[in-house]
1. If Ser75 meets every condition in (1) surrounded by 15 or more Cβ atoms within 10 Å (Cβ to Cβ); (2) within 17 Å of Lys29 (Cα to Cα) apart from one, which number is that one?
2. Could you tell me whether Leu85 is within 16 Å of Thr41 (Cα to Cα), of a type in the set (A, V, I, L, M) and touching a residue at least 60 places away in the same chain (Cβ under 8 Å)?
3. Please indicate, with yes or no, whether at least one residue in the range 78-99 is on the phi < 0 side of the Ramachandran plot, modelled with pLDDT under 95 and under 14 Å from the mean Cα position of the chain (by Cα).
4. Hey, can you tell me all the residues within the range 4-39 that are farther than 24 Å from Asn84 by Cα and assigned to a loop (DSSP other than H, G, I, E, B)?
5. Out of the range 40-61, which residues are assigned to a helix (DSSP H, G or I), charged (D, E, K, R) and within 17 Å of Leu150 (Cα to Cα)?
6. Assuming Ile115 fulfils every condition listed in (1) closer than 24 Å to Glu53 by Cα; (2) outside any loop (DSSP other than H, G, I, E, B); (3) over 13 Å from the mean Cα position of the chain (by Cα) apart from one, which condition is it?
Amino acid sequence: MLTEGTPAPGFALNDQHGTLRTLDEFRGKKVVLYFYSKDNTSGCTKQACGFSERRPLFTEKGAVVLGVSKDSVASHKRFEQNQNLGFTLLSDPEQEVIKAYDVIGEKKMYGKVTIGLIRSTYLIDEDGIIVKALSKVAAADNPQQMLDMLG
């Protein structure tokens, strides 16, 4: 994980509509940047729906939510449509941003140790500084946890 108090690495990734999005375009807003493993899976769906349901509350607090996985733009579009999500999903098939934010590591799945994406969330302030860095977050609890951190 990256350290709190350090600048968030910039990025340029396509969203679920194929539009190139950058971290810089969100300057002046708080950014909840969360990393998840796969569209349309149980835990990832709970987490995404939790963020979507609370979107108006994040907006009230001057924050945007951005979800990142290695899934394709087309997969993100289906996920957005299937779950009626109302926020930006970013496609990182080369895992450049996933690696830049240091969210790949050892994890246990069904008793086996594997290397993969660790469900993680960063809170980035209006100036692009990481103010919170959370690793191994609980999918269902993470959206409310992040909302609470915004005060």
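1. (2)
2. Considered against the rule, which asks whether it is within 16 Å of Thr41 (Cα to Cα), of a type in the set (A, V, I, L, M) and touching a residue at least 60 places away in the same chain (Cβ under 8 Å), Leu85 comes out as no.
3. So far as the range 78-99 goes, yes, one or more of its residues are on the phi < 0 side of the Ramachandran plot, modelled with pLDDT under 95 and under 14 Å from the mean Cα position of the chain (by Cα).
4. Glu4, Gly5, Thr6, Ala8, Pro9, Gly10, Phe11, Arg27, Gly28
5. Glu53, Arg55, Glu60, listed by residue number.
6. (1)
The values are calculated or read from the model by the stated rules, or taken from the named source; none is laboratory data. From a predicted model like this one, the values you see are computed outputs, not experimental measurements. Backbone-built Cβ (ideal geometry, glycine too); neighbour counts: all protein chains shown.
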